[in-house]
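Bear in mind these aren't lab numbers, they're just calculated from the coordinates by the rules spelled out. Computed from a predicted model, the values in this text were never measured in an experiment. All Cβ positions, glycine included, derive from the backbone under ideal geometry; neighbour counts span all protein chains shown.
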Ligand code: 5RP
């Protein structure tokens, strides 16, 4: 993981923003570089929709004008990081527990750019544990149902609830995150549909057919990938 590569990707993405746009702001260390580079451009009439309280705090500190999906339901461009970038620019996201708001903002966007360091590009999805956002009520029951779905996809290990020293991690929406160590996701579209069909699963971190461009930071610049 290279912070310099993340910085290069974030700065390159900021060049895609034009005055007057509504911009979705992703979450994570790479997205933070984008937010900083965007603020430094000082473009007039931007409105920014953050995907987490963390990103909102950073954007506010840097003087960006914040909006919400309620006030600006159509977003021109969203820029966000990823945990894995697979074939066809299929992504795993949610390492920062912001996947639900991220997906809501991505799906409301005319264009989405994924920014990442080079280590995020993989030949197949699944090495990074797949985050799954689950409502707290009855979460162990939901976890059992998730395990059944995973088994049906030849994924033997059950998903684990994400916790820190202070207890279970809560998302900005008050939900829990389960991480599924898939190793290999052979059919991301089928797994996405099967997880989404479970009552209690709010969202999962598979972002499929949503990325228009990936900007991959390198040590001395960046490269782009199209789907
Ligand atoms: C947060 C995310 C992040 O975009 C993802 O975890 C990548 O983070 P980073 O840029 O810090 O490597 O999906 O929910």
According to a simple spin-label model (label point 7 Å from Cα along Cα-to-Cβ), what is the distance in nm between residue 69 and residue 107?
0.7 nm
Subtracting the Cα-Cα distance from 0.36 nm times the residue separation, let me have the gained length for residue 43 to residue 157 in nm, one decimal.
36.3 nm
Rounded to the nearest whole Å³, what is the per residue volume of the convex hull around the Cα atoms of the stretch 104-175?
165 Å³
If you find the alpha carbon centre of the stretch 144-182 and of the stretch 3-26, how far apart are they in angstrom?
31 Å
Rounded, prolate or oblate for the stretch 21-74? Axes are the square roots of the Cα gyration tensor eigenvalues, ordered a ≥ b ≥ c, and the cut-off for rounded is a/c under 1.5.
oblate
Quote to one decimal, in nm, the extra length available between residue 122 and residue 53 on full extension: 0.36 nm per residue of separation minus the C-alpha distance between them.
21.9 nm
Rounded to the nearest 0.05, what FRET efficiency do residue 172 and residue 226 give with R0 = 45 Å and r taken as the Cβ-Cβ distance? Could you check?
0.90
Radius, Kirkwood style, for the chain when every pair of distinct Cα atoms is counted (Å):
17.7 Å
The stretch 1-121 - convex hull of alpha carbons, volume per residue in Å³
90 Å³
Using alpha-carbon coordinates, inclination of helix 139-152 to the longest axis of the chain, degrees:
80 degrees
Which of the peptides 11-24, 66-79 is most tightly packed, and how do the rest follow, judged by the mean count of other Cβ atoms within 10 Å per residue?
11-24, 66-79
